[in-house]
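Asker: One structure is given below, represented as structure tokens, and several questions about it will come after.
FYI, it's all coordinate maths here, none of it is from the lab. What you are looking at is a predicted structure, and each value in this text was computed from that prediction instead of being measured. With ideal geometry, Cβ positions are generated from the backbone for all residues, glycine too; neighbour counts draw on all protein chains shown.
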Amino acid sequence: MARTGHDGLWHIYAIVEKRDRDAQVKIGKTKGAVETRRGTLQSGNWRTLVVWRVAEALNERQAERIENEVHIWLSEHALGREWFDCTPQFAWHAVERAIFLMQNPLDSN
């Protein structure tokens, strides 16, 4: 179930364009309510935008690191700075991977 992030925490989010198929997905970060961010994005998009998934970050630095890693991993699907031409499931897998690797750093020994 997607959380909407109605608190003062940092969040990583996936927002999708509501279409019949081949939805584009935006992966980004925001502090506070993700729905507020969706509304800001909606004002510049003629398609209906929907919050698809939300994950919490401990702070701005962590949110930025997760977002940057995901954007690198999804770069071959990039349509612009933060929009990607892939399924939301594929994009969110990259978010989950970035979070996992941040919480479980590889042992350098």
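Asker: If you wrap region 48-108's Cα atoms in a convex hull and average its projection over all directions, what's the area in nm²?
Answerer: Taking the Cα atoms of region 48-108, their convex hull projects to 5.0 nm² on average.
Asker: Give the relative contact order (percent, whole number) for region 10-103; include only Cα pairs under 8 Å separated by 6+ residues.
Answerer: 36
Asker: Separation between the residue 18 and residue 36 pseudo-spin-labels, each 7 Å from Cα along Cα→Cβ, expressed in nm?
Answerer: The answer from the label model is 2.2 nm.
Asker: Determine the gain in length on full extension of the stretch residue 90-residue 50; use 0.36 nm per residue of separation and subtract their C-alpha separation, reporting nm with one decimal.
Answerer: That works out to 12.7 nm of additional length.
Asker: What does the highest-first list of 42-51, 76-85 look like by mean Cβ count within 10 Å?
Answerer: 76-85, 42-51
Asker: Given Cα positions, please report Rg to Rh for region 10-103, the hydrodynamic radius being the Kirkwood one.
Answerer: Rg/Rh for region 10-103 comes to 0.94.
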